[in-house]
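Have a look at the structure below, then the notes.
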Amino acid sequence: MIRLRGRSDFQRVRRTGKSWAHPLTVLLASSNQLTHPRIGFVASKRVGGAVQRNRAKRRLRAELRAQNNHLAAGWDLVFVARQPILDCSMPELSAAVTELLSRAGLLHIEQ
């Protein structure tokens, strides 16, 4: 999984991308001209203190690592954690991420 790290990249995705919301997380997506997707993670102070924010981002990273092979190429994705992510189970988080990626048309599962 290739991470999105630069501040300017996050700002570009926010400015030019589309968003899809779920109670646990928000997905922002903007196309890039690369042959692979890049993924970034954000958790604001609304989620909690530093420990809670890091836990929320770590849970999102673990879930995206599992789905990395099914992502469409050529997109920058930013996942914004919401406070309920701290209390949900991993299967609930997996369902939320899968739903958002499907709604965005970015999930390609080979049958």
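The values are calculated or read from the model by the stated rules, or taken from the named source; none is laboratory data. Here the structure is a predicted model, which means the values were calculated and not measured. All Cβ positions, glycine included, derive from the backbone under ideal geometry; neighbour counts span all protein chains shown. When the accessible area is computed, the model is the full protein with side chains, heavy atoms only, and any ligands, DNA or RNA have been set aside. Shrake-Rupley method; radii C 1.70, N 1.55, O 1.52, S 1.80 Å.
Quick look at the numbers
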{"quantity": "Matching residues, segment 101-111, being in a helix (DSSP H, G or I) and open to solvent by less than 40 Å² (accessible area, probe 1.4 Å)", "calculated": "LEU101, ALA104"}
{"quantity": "Qualifying residues in segment 21-33 (those that are within 16 Å of ALA72 (Cα to Cα) and not aliphatic (A, V, I, L, M)) - the one surrounded by the fewest Cβ atoms within 10 Å (Cβ to Cβ)", "calculated": "GLN33"}
{"quantity": "So VAL47, is it in a loop (DSSP other than H, G, I, E, B) and open to solvent by less than 70 Å² (accessible area, probe 1.4 Å)", "calculated": "yes"}
{"quantity": "Filter result for ARG53 (farther than 17 Å from ALA72 by Cβ, in a helix (DSSP H, G or I), in contact (Cβ under 8 Å) with a residue 24 or more places away in the chain and not hydrophobic (A, V, I, L, M, F, W, C))", "calculated": "yes"}
{"quantity": "Failed condition for HIS36, given (1) in contact with a Lys or Arg (Cβ under 9 Å, 6 or more places away or on another chain); (2) assigned to a loop (DSSP other than H, G, I, E, B); (3) surrounded by fewer than 17 Cβ atoms within 10 Å (Cβ to Cβ)", "calculated": "(1)"}
{"quantity": "Pairs with Cβ under 7 Å, 6+ apart, first in segment 74-100 and of a type in the set (A, V, I, L, M, F, W, C) and open to solvent by 10 Å² or more (accessible area, probe 1.4 Å), second at pLDDT 95 or above and assigned to a helix (DSSP H, G or I)", "calculated": "LEU86/GLN52; LEU86/ARG55; LEU86/ALA56"}
{"quantity": "Cβ pairs under 6 Å, 6+ apart, first in segment 1-26 and closer than 16 Å to ARG38 by Cβ, second open to solvent by 30 Å² or more (accessible area, probe 1.4 Å) and in a helix (DSSP H, G or I)", "calculated": "MET1/ARG65; MET1/ASN68"}
{"quantity": "Complete set of residues in segment 1-20 that are at pLDDT 90 or above and in contact with a helix residue (DSSP H, G or I) (Cβ under 8 Å, 6 or more places away or on another chain)", "calculated": "LEU4, LYS18, TRP20"}
{"quantity": "Top-ranked residue of segment 1-20 - restricted to ones that are assigned to a strand (DSSP E or B) and open to solvent by 50 Å² or more (accessible area, probe 1.4 Å), ranked as nearest to GLN83 (Cα to Cα)", "calculated": "SER19"}
